[in-house]
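The values are calculated or read from the model by the stated rules, or taken from the named source; none is laboratory data. Note that the structure is a prediction, hence the values are computed from the model and not measured. Cβ placement follows ideal geometry from the backbone for every residue including glycine, while neighbour counts extend to all protein chains displayed. Surface accessibility is based on the protein's heavy atoms, side chains included, excluding ligands, DNA and RNA. Shrake-Rupley method; radii C 1.70, N 1.55, O 1.52, S 1.80 Å.
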Amino acid sequence: MNETETTPPADSADAPAGRVILLTTSHRVAPGLLSWPAWQALHGADEVLCADASHPQLPYLREAGVRVEQAAPGAEELVAACAGGRTVLVVVTAEGDRALTDGLARLAGSGRVAMPDLELLPGSYDLPGARLLDLVQVMDRIRGECPWSSQQTHKGLAKYAIEEAYELVEAIEEGDREELREELGDVLLQVVFHARIAEEDAEAPFSVDDVAGGIVEKLIHRHPHVFGDDSADTPEDVKAHWLRTKAEEKQRTSVTEGIPLGQPGLALAAKLASRARTAGLEVTVPSGEGVGYELLALALRAEAAGVDPEAALRVAARAYRDAVRAAERTGAGPDA
């Protein structure tokens, strides 16, 4: 045998296996806003691959001098591309690349090949509230493509806003955290749905951004002790700030303005009493015959004591509901 025949082949295990970097980015963050470790990895990689030719990050990567090849390698191809100690970075699509990651996991578990170092590198993170962008996007598509949703109007949806608000209150009073989370989502849906419908108004359109912008301005203006030079040491101080700035904004001629008369009677009476008490008004309570005036007196007494009469009645009504169910179980009816 010659020397070539007698020399054993180099042990592949001694060759550097390289490195695979899976770079993830959030589609909810503006493209190009990547972390410094992500930019370092992109510039330092021997090869950068991306399967999605329309990936929103690509124009910014190329503008920064990063050469990106459109390719969708399988697990074995990717491992082979790292041979000789090379670093291959894969820009993962917004939906992820489950097939590739599963393939790499299977290959690593097989023990057949020397695996490169594997690193999952988040290039950008969602900011708080980022999922609201998803909600706006989903609502926009539903409004355009759903036969039912595309025909809805503000008036037609009004009853659902009331229902969802009541369900939210019930979840709060029941103390059910999972139900609370769900009902908050249902209330949020109503806001986004109405804002999406409002975009189509021919005379005075507005969007969910206008809604959010308006409430941001209102909150800042009504919290000068947080965003300005005023001070507030107690909840009462905060309430005084709120009422004063609200009065300046609305320029109302009566403390009763802005109180919706369509709300439940006990809540309406309590709200009127609260406004009058805050304004320091001495009000002669109307008297008359009938249960209405009796309920009014009870509502005013509850408000003066710091009790929400509507909530108190709901607690009592739940107790009554339980009593009804108990009567049903025992068969305590008129024929019992």
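Quick one: what do you get for the stretch 210-336 if you divide its Cα Rg by 2.2 N^0.38 Å?
1.49
Compute the length gained on full extension between residue 176 and residue 153: take 0.36 nm times their separation in residues and subtract their Cα-Cα distance, giving the result in nm to one decimal.
Between residue 176 and residue 153, full extension yields an extra 5.1 nm.
Using θ = phi - 60° and the Karplus form 6.51 cos²θ - 1.76 cosθ + 1.60, what ³J(HN,Hα) does each residue of the stretch 141-152 get, whole Hz, x for Gly and Pro?
5, 4, 4, x, 10, 7, x, 7, 5, 5, 9, 6
If I histogram all Cα-Cα distances within the chain using bins 10 Å wide from 0, what percent of pairs lands in each bin?
4, 14, 18, 18, 15, 12, 9, 6, 3, 1, 1, 0, 0
Would you mind getting me the FRET efficiency between residue 145 and residue 295? Use the beta-carbon distance for r and R0 = 45 Å, nearest 0.05.
For R0 = 45 Å, the calculated efficiency reads 0.40.
Could you tell me what percent of the accessible area of the stretch 152-223 is made up of carbon and sulfur, with a 1.4 Å probe and every protein chain present?
Carbon-and-sulfur percentage of accessible area, whole number: 58.
Angle, helix 235-250 long axis vs. longest principal axis of the chain, Cα atoms, 0 to 90°, nearest 10?
80
If the cut-off is 17 Å between C-alpha atoms, which lysines fall inside it for residue 271, apart from same-chain ones fewer than 8 positions away?
Residue 271 reaches 239, 246.
Just the accessible area per residue of the chain, please: how many Å² with a 1.4 Å probe?
Roughly 67 Å² per residue, with all protein chains present.
Quick one: which residues, 5 or more positions from residue 47 or on another chain, have an amide H under 5 Å from its amide H? H modelled 1.01 Å from N in the peptide plane, none for Pro or chain starts.
Sorted by chain and number, the residues that satisfy this are 87, 89.
Can you give the net charge of the other residues whose Cβ lies under 11 Å from the Cβ of residue 189, counting K and R as +1 and D and E as -1?
-3
Using 0.36 nm per residue, how much length does the chain from residue 71 to residue 239 gain when fully extended, once their Cα-Cα distance is taken away?
54.5 nm
How many nm is it between the label spots at residue 261 and residue 322, if each spot is 7 Å from the Cα in line with the beta carbon?
3.9
Rounded to the nearest 20 Debye, what is the dipole magnitude of the chain about its Cα centre when Lys and Arg each give +1 and Asp and Glu each give -1 at the C-beta?
For the chain, the charge dipole is close to 820 debye.
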